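Undergrad: Before I ask anything, let me first share the structure, which is written out below as structure tokens.
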Amino acid sequence: MSTSRLAQLAAVAALAAFSLASAPARAVPITYEGTLSLPATVTGSVGGNGWESETAAEVDFWRFSGRAGDFLTVVGMRLVQGLDPVFTLYFGSTTADASQFLHDADWGGLTYLALADDERAVASGPGGDPALTSFLLPITGNYTIAIGGISSAGAGPFGYQLQVTAVPEPEVVLLYGAGLGALAALRRRKRVTDPA
């Protein structure tokens, strides 16, 4: 082969390599593990530091519907000693590219609300377990929980359990109870005034 032919082949190979290297990466959308019907208890597995490094592939995403005024409680528990679990609560749900994941800010159409880390002491292992208790849901709609690992003892995967409950605001319960009481009083009154 001639030198000029080798130079041409080298130039074509270099151009092909450059084209492949500069091609845009394919978007990988966030995938949810499931939709929770509250109250719910679910299990899964996550990477040891995916939440901290904002690596969505090592984080589990769960969605649920909530009502404004409900008090939300979310508790994450490690099923394996080496995991240090942490989670974030967002308003909304998303199909955004996984590379957009942020653990402590708005992203991909989600509105950051709160995060929980180390609220519950554990007997052994790194850190504590996360718990968000009596969080007042501000808006009726869909919510997302992103759970993963932070400063865990290794890369994982590590098992976890997530418990999610929502109860109406006390004033709503009182109003409901007062309404039922009024209906019972009217029914009783009608029986007394209209004996059949």
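Undergrad: Does any residue of region 156-175 turn out to be over 26 Å from Ala40 (Cα atoms) and at pLDDT 95 or above?
TA: No, that holds for no residue.
Undergrad: Further, regarding this structure: Looking at region 66-83, is at least one residue closer than 21 Å to Gly109 by Cα and either in a strand (DSSP E or B) or out of contact with any Ser or Thr (no Cβ under 6 Å at 6 or more places or on another chain) (or both)?
TA: Start the filter on region 66-83 by keeping residues that are closer than 21 Å to Gly109 by Cα, which leaves 66-68.
From what is left, the residues that are either in a strand (DSSP E or B) or out of contact with any Ser or Thr (no Cβ under 6 Å at 6 or more places or on another chain) (or both) are 66.
Yes, region 66-83 has at least one match.
Undergrad: Can you tell me which residues in region 100-123 are surrounded by fewer than 16 Cβ atoms within 10 Å (Cβ to Cβ), under 25 Å from Gly141 (Cβ atoms) and among the small types (Gly, Ala, Ser)?
TA: Those that are surrounded by fewer than 16 Cβ atoms within 10 Å (Cβ to Cβ), under 25 Å from Gly141 (Cβ atoms) and among the small types (Gly, Ala, Ser): Ala105, Gly109, Ala114.
Undergrad: Sticking with this one: Looking for something without any contact (Cβ under 8 Å) to a residue 12 or more places away in the chain, under 28 Å from Gly154 (Cα atoms) and hydrophobic (A, V, I, L, M, F, W, C) - is there at least one such residue anywhere in region 115-123?
TA: Pass one, region 115-123, residues without any contact (Cβ under 8 Å) to a residue 12 or more places away in the chain: 121, 123.
Within this subset, residues satisfying the condition of being under 28 Å from Gly154 (Cα atoms) are 121, 123.
Checking which are hydrophobic (A, V, I, L, M, F, W, C) leaves us with 121, 123.
Checking region 115-123: at least one residue is without any contact (Cβ under 8 Å) to a residue 12 or more places away in the chain, under 28 Å from Gly154 (Cα atoms) and hydrophobic (A, V, I, L, M, F, W, C).
Undergrad: Then there's this: Counting just the residues of region 84-110 that are of a type in the set (Gly, Ala, Ser) and not in a loop (DSSP other than H, G, I, E, B), which one comes out farthest from the chain's Cα centre (by Cα)?
TA: Looking at the filtered set, the residue picked out is Ser99.
Undergrad: Determine if region 108-122 includes at least one residue that is in contact with a Ser or Thr (Cβ under 8 Å, 6 or more places away or on another chain) and under 18 Å from Leu36 (Cα atoms).
TA: yes
Undergrad: From the list Gly154, Gly148, exactly one residue is within 18 Å of Gly48 (Cβ to Cβ), touching a residue at least 40 places away in the same chain (Cβ under 8 Å) and outside any loop (DSSP other than H, G, I, E, B). Which is it?
TA: Working: Gly154 fails: outside any loop (DSSP other than H, G, I, E, B).
Residue meeting the stated conditions: Gly148.
The values are calculated or read from the model by the stated rules, or taken from the named source; none is laboratory data. Owing to the predicted nature of the structure, the values given are computational and were not obtained by experimental measurement. Cβ sites come from the backbone with ideal geometry, for glycine too, and all protein chains shown count toward neighbours.
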